[in-house]
Amino acid sequence: MENYECDNKILSDLKCIIGWTYLVNLNNPEIAREAFMESIEANKECSRSYTGLGVYEANHKRFNEAIEYFNRAIEINENDGENYFGIAICNKELNNFDVVEEYLVKANSLEPEDNRIIEEYAFELLRQGRNKDAIEYFKEVLRENPSNIEIKNLILELEKSNEF
């Protein structure tokens with residue numbers, strides 16, 4: 001990393017923002033990863049850069065590595081729900097279902113307006129056979145996004161079935 005005459009935290013934050021821009025908006029994960037690594041090099045306490053690396057690893061299906069990054073981010077900032085959500089998704093992909101609900105509940109408690117978490121939690125309840133509870137969460141997703149036809153049809157199908 002080049003040597004700039006500014007505070008390392010400012011440089012770290014800037015690199016982190018650049019990383020997220022490349023990861024989310026510009027769909028260039030390799031440059032994003034580089035920016036996150038440079039951010040951490042400037043400030044090892046930049047939790048959002050660890051979160052970004054977790055997302056990067058999860059997108060590359062390296063779920064155990066992603067979990068390590070999300071956990072490191074939590075060590076720095078335990079109030080970022082995205083890290084718990086990431087751990088839940090990674091554990092789901094690894095078939096570690098025994099902890100998925102725990103992490104989704106924690107993520108939802110920190111980010112109650114995040115529809116991704118609510119929807120994922122509804123699917124987890126469905127996987128557990130808790131269809132009646134799942135329907136309530138799917139309805140919550142629909143309140144935020146009433147044009148979601150897939151969720152509407154799923155609710156109708158679940159309500160018609162006698163499985164709950």
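Structure notes:
- Taking residues in segment 87-101 that are of a type in the set (S, T, N, Q), and partners anywhere that are at pLDDT below 90 and in a helix (DSSP H, G or I), the pairs with Cβ atoms closer than 8 Å and at least 6 places apart or on different chains are Asn91/Phe97.
- Number of the exception - Glu30 against (1) closer than 29 Å to Ala122 by Cα; (2) over 14 Å from the mean Cα position of the chain (by Cα): (1)
- Screening segment 100-146 for residues that are under 19 Å from Asn83 (Cα atoms) and among the small types (Gly, Ala, Ser) and picking the one that is surrounded by the fewest Cβ atoms within 10 Å (Cβ to Cβ) gives Ser109.
Residue by residue, here is whether (1) farther than 25 Å from Gln128 by Cα; (2) touching a helix residue (DSSP H, G or I) at 6+ places or on another chain (Cβ under 6 Å); (3) modelled with pLDDT under 95 holds:
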{"position": "Glu45", "(1), (2), (3)": "yes, yes, yes"}
{"position": "Val55", "(1), (2), (3)": "yes, no, no"}
{"position": "Asn71", "(1), (2), (3)": "yes, no, no"}
{"position": "Glu75", "(1), (2), (3)": "yes, no, no"}
{"position": "Glu78", "(1), (2), (3)": "yes, no, no"}
{"position": "Phe85", "(1), (2), (3)": "no, yes, no"}
{"position": "Ile89", "(1), (2), (3)": "no, no, no"}
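- Within segment 146-162, residues that are on the phi < 0 side of the Ramachandran plot have Cβ atoms under 6 Å from residues that are surrounded by 10 or more Cβ atoms within 10 Å (Cβ to Cβ) in these pairs: Ile151/Phe138; Ile151/Val141; Ile151/Leu142; Ile155/Ile135; Ile155/Phe138; Leu158/Asn131; Leu158/Ile135, counting only partners at least 6 apart in sequence or on another chain.
The values are calculated or read from the model by the stated rules, or taken from the named source; none is laboratory data. Keep in mind it's a predicted model, so treat the numbers as computed, not measured. Positions of Cβ are backbone-derived with ideal geometry, glycine not excepted, and every protein chain shown enters the neighbour counts.
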